[in-house]
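Report on the structure given below.
The values are calculated or read from the model by the stated rules, or taken from the named source; none is laboratory data. Since the model is a prediction, treat every value here as computed from it, not as a measurement. As a convention, Cβ positions derive from the backbone with ideal geometry for all residues, glycine included, and neighbour counts pool all protein chains shown.
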Amino acid sequence: MGDNAYKQAGVDIEAGQRATSLMKEAVRSTYGPEVISGIGAFGGMFSAAALKNMAEPVLVASTDGVGTKTMVAAKMGRWDTIGQDLVNHCINDILVAGATPLFFLDYVASSQLDPEQIAAVVGGCAVACNAAGCALLGGETAEMPGVYQPGELDLVGTIVGVLDRAQAIDGSGIAAGDVILALPSSGLHTNGYSLARKALAALNWQEPRDDLNGAAIGDVLLAVHRSYLHEITSLREAGVDLRGLAHITGGGVIDNLPRVLPDGFAADINRGTWAEPPIFTLIQAQASVSAGEMFRAFNMGLGMLVIVPQDHVEQAQATVSELRVVGAIRSAAEGEEAVRVR
């Protein structure tokens, strides 16, 4: 096969090197003094010296992906947003425990490397890491012909954060009568795209639509997954008693809220107390599915749910004006549904 046998087999080493070169500046922009080694090293090194200031530091880690939102990016020819989606999703997942992000690692794989495409994706990761004060410590760019479909891309990330154990948020203090507040989502975030793509496949994704407030379907579907790090940090610094946090991801409101509820408690969510983004109305109409299925597949405009005692609601809303009262916690008998949306 000659000297370019690997390239003939479908793997272009030079393309991988070019991708690395294109992303170097963006990645290095996320480095603080804690980063000891990063690009080019076999393993990223991050100083843990700051953890000595905590009474009992606990590392919190999470791994996730953006699912088939990558297929929306491919259809729209835009790769600058899904990296932000990935980082922000992972930040929110450890945020519910009260953790502050330290560093992030990404994994990008495709059947054939497009250096500019990969650099745009990783550049998006760097944008979100910079906004969160989180180092993009390392990653992997894989070219795997035969494993991935031509033109498709997979994106996964791992985040590591830290909290002082005494400050952990675990839901154990939740009680009947506590109030459920919500921070709005920016859209679908990173979940429900298989259903959304199927439901909307026959429509024009490029043209502005009156039922989407003048936006095009493609742009709405690519809206960046919000990070709630700033808002939750502000609430904690204001002394709000955050008894539980739920990041509404895969499984929607129905499956995610129960993850933070102690045994013997359930939640009521009251529709009409927040603005549901019109993209969900369009998806439901096109897919002909029930409201119950929508609340299991999508966040329905509820990006992060915040559970606080009744006497902390006013302070919470004064600190973060976006917060809306959307429900309450109640005692529940064994076998009773954990979440009622009404």
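Of the set (1) in contact with an Asp or Glu (Cβ under 9 Å, 6 or more places away or on another chain); (2) farther than 27 Å from ALA131 by Cα, all apply to HIS189 but (2).
Within segment 177-208, restricting attention to residues that are surrounded by fewer than 20 Cβ atoms within 10 Å (Cβ to Cβ) and within 17 Å of the chain's Cα centre (by Cα), the residue that is nearest to ILE248 (Cα to Cα) is PRO184.
Here are ILE118, ILE82, ILE159, ILE94: which of them is assigned by TED's automatic domain parsing to the domain that holds LYS24, among the β-branched types (Val, Ile, Thr) and more than 30 Å from LEU257 (Cα to Cα)? Before you say what the answer is, go through the steps one by one.
Numbers: ILE82 fails: more than 30 Å from LEU257 (Cα to Cα); ILE159 fails: more than 30 Å from LEU257 (Cα to Cα); ILE94 fails: more than 30 Å from LEU257 (Cα to Cα).
Just a single option satisfies the conditions, and that option is ILE118.
Screening ALA266, ALA275 for residues that are among the hydrophobic types (A, V, I, L, M, F, W, C), in contact (Cβ under 8 Å) with a residue 12 or more places away in the chain and assigned to a strand (DSSP E or B) leaves exactly one candidate, ALA266.
Can you work out which of the residues in segment 209-230 that are in a helix (DSSP H, G or I) and of a type outside the set (Val, Ile, Thr) is surrounded by the most Cβ atoms within 10 Å (Cβ to Cβ)? My answer is LEU221. Output yes when any residue across segment 295-306 is surrounded by 17 or more Cβ atoms within 10 Å (Cβ to Cβ) and either more than 21 Å from the chain's Cα centre (by Cα) or over 27 Å from THR81 (Cα atoms) (or both), and no when none is. No, segment 295-306 contains no residue that is surrounded by 17 or more Cβ atoms within 10 Å (Cβ to Cβ) and either more than 21 Å from the chain's Cα centre (by Cα) or over 27 Å from THR81 (Cα atoms) (or both).
The listed residues are THR249, THR233, and the only one of them that is closer than 24 Å to GLY83 by Cα and either in a helix (DSSP H, G or I) or among the aromatic types (Phe, Trp, Tyr) (or both) turns out to be THR233.
Taking into account only those residues within segment 137-186 that are among the charged types (D, E, K, R) and assigned to a strand (DSSP E or B), which is modelled with the highest pLDDT?
The initial filter retains those residues of segment 137-186 that are among the charged types (D, E, K, R), namely 140, 143, 152, 154, 164-165, 170, 178.
This time we only want the ones that are assigned to a strand (DSSP E or B), so: 140, 143, 154, 164.
Values: GLU140: 92, GLU143: 90, ASP154: 95, ASP164: 98.
Filtering first and then ranking leaves ASP164.
Mind listing whichever residues of segment 23-42 are within 25 Å of the chain's Cα centre (by Cα) and of a type outside the set (Val, Ile, Thr)? Selection gives MET23, LYS24, GLU25, ALA26, ARG28, SER29, TYR31, GLY32, GLU34, GLY38. Within segment 41-64, the residues that satisfy the criterion of being of a type in the set (Gly, Ala, Ser), touching a residue at least 40 places away in the same chain (Cβ under 8 Å) and either loosely packed, with under 12 Cβ neighbours inside 10 Å or within 20 Å of VAL96 (Cβ to Cβ) (or both) are ALA41, GLY43, ALA55, ALA61, SER62.
On the basis of being closer than 22 Å to ASP210 by Cβ and surrounded by 16 or more Cβ atoms within 10 Å (Cβ to Cβ), does ILE283 make the cut? Steps first, answer last, please.
On the way: closer than 22 Å to ASP210 by Cβ: yes; surrounded by 16 or more Cβ atoms within 10 Å (Cβ to Cβ): yes.
So ILE283 passes the test.
If the condition is being touching a residue at least 24 places away in the same chain (Cβ under 8 Å), within 25 Å of GLU143 (Cβ to Cβ) and of a type in the set (Gly, Ala, Ser), then segment 30-40 contributes only GLY38. For LEU113, the conditions (1) in a loop (DSSP other than H, G, I, E, B); (2) modelled with pLDDT of 95 or more all hold with the exception of (2).
Criterion first (at positive phi and surrounded by fewer than 13 Cβ atoms within 10 Å (Cβ to Cβ)) does GLY32 satisfy it?
Details: at positive phi: no; surrounded by fewer than 13 Cβ atoms within 10 Å (Cβ to Cβ): yes.
Here the answer is no, as GLY32 does not meet what is asked.
The single residue among SER321, SER331 that is within 30 Å of ASP211 (Cα to Cα), polar (S, T, N, Q) and surrounded by fewer than 18 Cβ atoms within 10 Å (Cβ to Cβ) turns out to be SER321.
Cβ-Cβ contacts under 6 Å between residues 6 or more apart (or on different chains), taken from a first residue in segment 163-188 that is at positive phi to a second residue that is small (Gly, Ala, Ser) and at pLDDT 95 or above, are listed as GLY171/GLY244; GLY187/ALA223. Restricted to segment 231-274, and to residues that are touching a Phe, Trp or Tyr at 6+ places or on another chain (Cβ under 7 Å) and either among the hydrophobic types (A, V, I, L, M, F, W, C) or surrounded by fewer than 22 Cβ atoms within 10 Å (Cβ to Cβ) (or both), which residue is farthest from LYS69 (Cα to Cα)? Here the residue is ILE254.
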